[in-house]
1. Filter the stretch B:23-51 down to the residues that are assigned to a strand (DSSP E or B), out of contact with any Lys or Arg (no Cβ under 7 Å at 6 or more places or on another chain) and either aliphatic (A, V, I, L, M) or over 14 Å from B:Ala90 (Cα atoms) (or both) and list them by number.
2. With the requirement that a residue be open to solvent by 70 Å² or more (accessible area, probe 1.4 Å), in a helix (DSSP H, G or I) and not hydroxyl-bearing (Ser, Thr, Tyr), what does the stretch A:1-10 give you?
3. Can you tell me which residues in the stretch B:11-45 are crowded, with 17+ Cβ neighbours inside 10 Å and of a type in the set (A, V, I, L, M)?
4. How many residues are facing chain B (nearest Cβ under 7 Å) and open to solvent by 30 Å² or more (accessible area, probe 1.4 Å) if we restrict to the stretch A:61-79?
5. Checking the conditions here, which among B:Leu92, B:Leu54, B:Leu83 is open to solvent by less than 60 Å² (accessible area, probe 1.4 Å) and either part of a helix (DSSP H, G or I) or within 7 Å of chain A (Cβ to nearest Cβ) (or both)?
6. Mind telling me which of the residues A:Ala113, A:Ala100 ends up being modelled with pLDDT of 95 or more, more than 20 Å from A:Gly30 (Cβ to Cβ) and surrounded by 15 or more Cβ atoms within 10 Å (Cβ to Cβ)?
7. Which residue pairs have Cβ atoms under 6 Å apart, sit 6 or more places apart or on different chains, and have a first residue in the stretch B:1-18 that is on the phi > 0 side of the Ramachandran plot and a second that is of a type in the set (Ser, Thr, Tyr)?
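The values are calculated or read from the model by the stated rules, or taken from the named source; none is laboratory data. This one's a predicted model, so the numbers in the text were calculated from it and none came from an experiment. No Cβ is skipped: glycine too gets one built from the backbone with ideal geometry, and neighbour counts run over all protein chains shown. Ligands, DNA and RNA are excluded from the accessible area calculation, which covers all protein heavy atoms including side chains. Shrake-Rupley method; radii C 1.70, N 1.55, O 1.52, S 1.80 Å.
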There are 2 protein chains.
Amino acid sequence: MRTQMLQSVLNDLRSSSGDIEGCAIVSLDGLTVASSLMEGMDENRVGAMSAAMLALGEKTAKELGRGRLDQVMVKGESGYLLLIGAGKDAVLIVITNAAAKLGLVFLDARRAAQSITDVL
Amino acid sequence: MRTQMLQSVLNDLRSSSGDIEGCAIVSLDGLTVASSLMEGMDENRVGAMSAAMLALGEKTAKELGRGRLDQVMVKGESGYLLLIGAGKDAVLIVITNAAAKLGLVFLDARRAAQSITDVL
């Protein structure tokens, strides 16, 4: 039941924009809880990189006096990665192409993260 | 001479907004090349965390098919960290408070990174 609700949040987020190539909920230890990814994307790799990025983001924010971590954004030449905390124990990662309107993706992702927090 | 030019770019960037608490140019191995930081900020810590974040950002962007790394943004509850590549061998880090208008900081930081690239 919870799994279905989480999957439904991810499906809605992914279908909200053609620029979103995938999204996943990852536990803080790097295990994927649920995902909706473009064919060919490796769920385990997404989980592992998200957890690593989140851990270092947290450490960096703390060490440089920015307080508790809220979001991490990575921009590559082929698109964006967006990580947003979803509850105490999980993170939502959103993977977009380079054409994505970042403000809109942030907005939708933040709403999805809130829904995920409510379910978890 | 180069040092003075780099310092001048950082001073200009930092004074462009009261929300920017510090900025620094860091080599890819984590050594600080030049910096303009709020009193109490540790130059070595800024350098080390920037280099670590950049290395993991590059790996993550590559592993998840986003291509060559362009920018990393970390949002904490007390402000933002922005990392932008400046030439092949260095990165510009900008540290802001939570009130910063992110779009404007991105714009100014990107221009500064270009100036730094030209000098290095």
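1. Passing the criteria: B:Ala24, B:Ile25, B:Val26, B:Val33, B:Ala34, B:Leu37.
2. A:Arg2, A:Gln4, A:Met5
3. Answer for the stretch B:11-45, where residues must be crowded, with 17+ Cβ neighbours inside 10 Å and of a type in the set (A, V, I, L, M): B:Leu13, B:Ile20, B:Ala24, B:Ile25, B:Val26, B:Val33, B:Ala34, B:Leu37.
4. Qualifying residue count, the stretch A:61-79: 7.
5. B:Leu54
6. Values: A:Ala113 fails: more than 20 Å from A:Gly30 (Cβ to Cβ).
Matching residue, one of A:Ala113, A:Ala100: A:Ala100.
7. Filtered contacts from the stretch B:1-18: no entries.
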